[in-house]
There are 2 protein chains.
Amino acid sequence: MINRKIIFQVMGLLLLIEGFFLGISSVVSLYYGQSDFFALIITTGICIVTGILLRLAAGNAEKYINKREGYIIVSLVWVVFSLFGALPFVISGAIPSYTDAFFETISGFTTTGASILNDIEAMPKGLLFWRSLTQWLGGMGIIVLSIAILPMFGIGGMQLFIAEVPGPTPDKLHPRVKETAKRLWGIYILFTVAEIILLKIGGMNWFDAVNHSFTTMATGGYSTKQASIAHYDSPFIHYVIIVFMFLAGTNFTLSYFALHLKFGKVFKNEEFRYYLGFVVLFTVAISIVLWHYEGYNPEKSFRDSLFQVVSILTTTGFATVDYMQWMPFVVVMIFALMFFGGSAGSTGGSIKIVRVTLLLKNSYQELKRIIHPNAVIPVRINGKSVPAQIISNILAFVVFYMMISIISTIIISSLGYDVETSLGAVAATLGNIGPGIGMVGPAENYSHIPVFGKWFLSFLMLIGRLELFTVLVLFSPAFWKK
Amino acid sequence: MINRKIIFQVMGLLLLIEGFFLGISSVVSLYYGQSDFFALIITTGICIVTGILLRLAAGNAEKYINKREGYIIVSLVWVVFSLFGALPFVISGAIPSYTDAFFETISGFTTTGASILNDIEAMPKGLLFWRSLTQWLGGMGIIVLSIAILPMFGIGGMQLFIAEVPGPTPDKLHPRVKETAKRLWGIYILFTVAEIILLKIGGMNWFDAVNHSFTTMATGGYSTKQASIAHYDSPFIHYVIIVFMFLAGTNFTLSYFALHLKFGKVFKNEEFRYYLGFVVLFTVAISIVLWHYEGYNPEKSFRDSLFQVVSILTTTGFATVDYMQWMPFVVVMIFALMFFGGSAGSTGGSIKIVRVTLLLKNSYQELKRIIHPNAVIPVRINGKSVPAQIISNILAFVVFYMMISIISTIIISSLGYDVETSLGAVAATLGNIGPGIGMVGPAENYSHIPVFGKWFLSFLMLIGRLELFTVLVLFSPAFWKK
């Protein structure tokens, strides 16, 4: 039996939290004297009242959440947050269609950054702030989910690869999760504040610095400018954002160690080394092309390549240039990068470096197994051999990822889009990247997608963000049995 | 130590066989009084002389071939056959460039069917016959390789899924392989003859009936007509070819059982059921689109969809229509189909149905494993559970397949091709299909690809045909150690 009360109780609490942040956004609106104050404060009220009603309906629920309730709550949070979070856009009239508003909001909470806005600068500041805040909150949520909650439920096969943050001895799970979450949020907030200060120094105003820092740390990629980071003609700003995108795509427990000066632990981590390796590899390849064939100067070749590689790899989706204008060769590389993703335990999405790494290692080991069929040749990571069930889990993950990509591409192309755009829209939403290739490239947006397509892509953002299994089990008959 | 003598001996024998079939082609040329007789008979001589010299150089080699020599021989056969097989095209002047001739020949022997010919009907008949024969021989070779030789060496992870043809008790491997090969070739020849007769009844002349039957049974797809099967405006011919493409993409051991009226064994085979399922699923989907949106009548919608689905799924590559003219939606589906492939133990290429099936099953089982983490939930096929090392082998195969596809797409796009064409050319050559999408679609060909690209795609055809591992181990340092 699913315990509805506990679900009501948790959702009630979370809606109160959403109300709180909507309240902050309305204060921002008030401060800047913007027209969206009314819409934001109304939604604040709706969230708080609904939250209280849900908690009253829950009554005295037990404190214990079982696994199945856990799955339901996790999937519900992102959906319910987006359903409510979309309201101020509609109420204010800034985004008249609820479909568009929902798309923009779930794209925020899932830290995707796919937008339907054709004139971002025309949006009132309160809503822009709320839009960036959805990403920042989504990023915070995903760190706790991937480092503390999913491993607790044994999902995603990632438990092995996330070094645990030292905390109190786990006699009870509950305080352990809380403690871990606190430390990780500490780092998240610290990095955000550091980036705000650096962007301000680089010449952004406070408002833009705060917004871009929120969306960088979430690897979300919403900008307050229509031209994204290309709006700022400042190498300093570009490099600052590169650094923080890279940090946001790094396992936050490694950042914890780095901040405690345990750099050995960081560089011994194989996922981190592959992450760094992929950045270097793709940056060098693309830099050479830009320098030789597109006539960029060496610094700009390097900076633009590095920016775009880190932006796509970490699934942020900021742009300093419209890469659709580059050679098809580079577009294919960028498309391929969309399937790598950030590190486990980061705010990055997509398949994730650790999975890609293990797949590559397993394939290489298989060649050895073929030559020496009687030898036991395990796949190792960080010096430990990976159990067969983890390999099988990763296999299942990647197969689902590819299957969903293929079927979704067929569905999007059935709306009349060409192959490139369909592939791009799917890879960029399922991977929580934002801008894709083709007609959803960095110079364009998702406003032209028909209503059905927007809801469908919203669903892709959700399942991509929640590591597929978390949502997919809900569709499995076995989940609902007994 | 690699025993060179045994390699020389086997290659010598195989060259004599190639010479024999070139001799047959020159007889065909003579019969039709064609200009290519001289080129064919010269190459016959070259093959026979080289074969004899190699056997003399080998002297009294041992009869025993070890595993490593096996790998080398298998990879060499396809390359050496193509190197010699390309000669008559160049000598006759029909294909002046050796690169083009090699591409056309390895595309034949690998049963790919990617062509560089801009005017097939202008080719002399001897060369056309030789071109079809390369596919027929390649198909024969791959059946023996996949059913008898690769499982003997334990490669490909397929040994479990190929029901063994009843034969003499295996006290020695050698007679067993011979016996199996004989029975399978018997079926191959039987089907070829049956198709020739049916195509003749359908209105083809003998020459075209023989050629098309050769290339159907090999799932090769070379046609003697520039327009491929679209040249024949006969539903009967289309349906005959559909049936034989389907048979060619079926595990030949199942055909053996079917011919012995053991239909229960056929329909109990899970790979066969999935194979049939995929054909039905994609045919229905595409038929509906053609009927509703492209204005085809119901019979033509059904026939054209079925033809193209079976042609791509079995990796034959015959066309009755230019599917690049259909909606992008259908093009995406056809592109997706390129990754399915035929059954294990058929002449079809690509990833293969049994691997796709196991991947899908493993993913579905993983959802159950997440819900019941303590239960042991194996993947089963044909009622037996599949060992973890087979799953890991299939994972490795698919990862290599995808990795090679992505890197190759980047390489082809660096030659200046758009994303669609690059993806299409790679999927269609690595999967041994032939025509791809974009600028290598069914109405076009590969003649416009630059020289480097032709050699590169030739390499893809080779590794695709030999199930990746067979060739890739040769590049692994572990292979050459000690």
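Out of all the residues in segment B:390-446, which are in contact (Cβ under 8 Å) with a residue 60 or more places away in the chain and among the hydroxyl-bearing types (S, T, Y)?
Once the filter is applied, which keeps residues that are in contact (Cβ under 8 Å) with a residue 60 or more places away in the chain and among the hydroxyl-bearing types (S, T, Y), segment B:390-446 yields B:Y401, B:T429, B:Y446.
Can you say whether B:G341 is touching a Lys or Arg at 6+ places or on another chain (Cβ under 6 Å), open to solvent by less than 10 Å² (accessible area, probe 1.4 Å) and either within 10 Å of B:T219 (Cβ to Cβ) or within 14 Å of chain A (Cβ to nearest Cβ) (or both), as far as the supplied structure shows?
Yes.
Just checking, does segment A:466-478 include any residue being hydrophobic (A, V, I, L, M, F, W, C), modelled with pLDDT of 95 or more and assigned to a helix (DSSP H, G or I)?
Scanning segment A:466-478, I find no residue that is hydrophobic (A, V, I, L, M, F, W, C), modelled with pLDDT of 95 or more and assigned to a helix (DSSP H, G or I), so the answer is no.
Within segment A:304-334, how many residues are touching a residue at least 60 places away in the same chain (Cβ under 8 Å) and within 12 Å of another protein chain (Cβ to nearest Cβ)?
3
Against the definition (more than 30 Å from A:F479 (Cα to Cα) and open to solvent by less than 10 Å² (accessible area, probe 1.4 Å)), how does A:I95 come out, yes or no?
yes
What are the residues in segment A:430-482 that are charged (D, E, K, R) and away from chain B (no Cβ under 14 Å), if any?
Those that are charged (D, E, K, R) and away from chain B (no Cβ under 14 Å): A:E444, A:K454, A:R465.
With the requirement that a residue be of a type in the set (F, W, Y) and either open to solvent by less than 10 Å² (accessible area, probe 1.4 Å) or not in a helix (DSSP H, G or I) (or both), what does segment B:42-92 give you?
Within segment B:42-92, B:Y64, B:Y71, B:F89 meet the criteria.
For segment B:177-230, which residues satisfy the criterion of being of a type in the set (V, I, T) and touching a residue at least 60 places away in the same chain (Cβ under 8 Å)?
Scanning segment B:177-230 gives B:I187, B:V210, B:T215, B:T216, B:T219, B:T224, B:I229.
Which is out of contact with any strand residue (DSSP E or B) (no Cβ under 8 Å at 6 or more places or on another chain) and in a loop (DSSP other than H, G, I, E, B), of A:S213, A:S223?
A:S223
Select from segment A:438-450 the residues that are buried (at least 24 other Cβ atoms within 10 Å of the Cβ), part of a loop (DSSP other than H, G, I, E, B) and aliphatic (A, V, I, L, M) and list them in ascending order.
Within segment A:438-450, A:I449 is the sole residue that qualifies.
How many residues, within segment B:251-301, are over 24 Å from B:F191 (Cβ atoms) and open to solvent by 30 Å² or more (accessible area, probe 1.4 Å)?
Within segment B:251-301, residues that are over 24 Å from B:F191 (Cβ atoms) and open to solvent by 30 Å² or more (accessible area, probe 1.4 Å) number 14.
Mind counting the residues in segment B:371-399 that are over 30 Å from the mean Cα position of the chain (by Cα) and either hydroxyl-bearing (S, T, Y) or at the interface with chain A (Cβ under 8 Å from one of its Cβ atoms) (or both)?
Matching residues across segment B:371-399 total 3.
Examine segment A:360-370 for a residue that is buried (at least 22 other Cβ atoms within 10 Å of the Cβ), aliphatic (A, V, I, L, M), closer than 30 Å to A:V471 by Cα and within 10 Å of chain B (Cβ to nearest Cβ), and state whether such a residue exists.
No, because not a single residue in segment A:360-370 is buried (at least 22 other Cβ atoms within 10 Å of the Cβ), aliphatic (A, V, I, L, M), closer than 30 Å to A:V471 by Cα and within 10 Å of chain B (Cβ to nearest Cβ).
Restricting attention to segment A:406-432, which residues are open to solvent by 10 Å² or more (accessible area, probe 1.4 Å) and among the hydroxyl-bearing types (S, T, Y)?
A:S414, A:Y417
Identify the residue in segment B:408-422 that is among the hydrophobic types (A, V, I, L, M, F, W, C) and more than 8 Å from chain A (Cβ to nearest Cβ) and, among all such residues, is farthest from the chain's Cα centre (by Cα).
Looking at residues that are among the hydrophobic types (A, V, I, L, M, F, W, C) and more than 8 Å from chain A (Cβ to nearest Cβ), I get B:L415.
Being assigned to a loop (DSSP other than H, G, I, E, B) and either among the charged types (D, E, K, R) or under 11 Å from A:K225 (Cα atoms) (or both) is the filter here; which residues of segment A:107-121 pass it?
A:L117, A:N118, A:D119
The values are calculated or read from the model by the stated rules, or taken from the named source; none is laboratory data. If you're wondering where the values come from, they're calculated on a predicted model, not measured in any experiment. Backbone-built Cβ (ideal geometry, glycine too); neighbour counts: all protein chains shown. Surface accessibility is based on the protein's heavy atoms, side chains included, excluding ligands, DNA and RNA. Shrake-Rupley method; radii C 1.70, N 1.55, O 1.52, S 1.80 Å.
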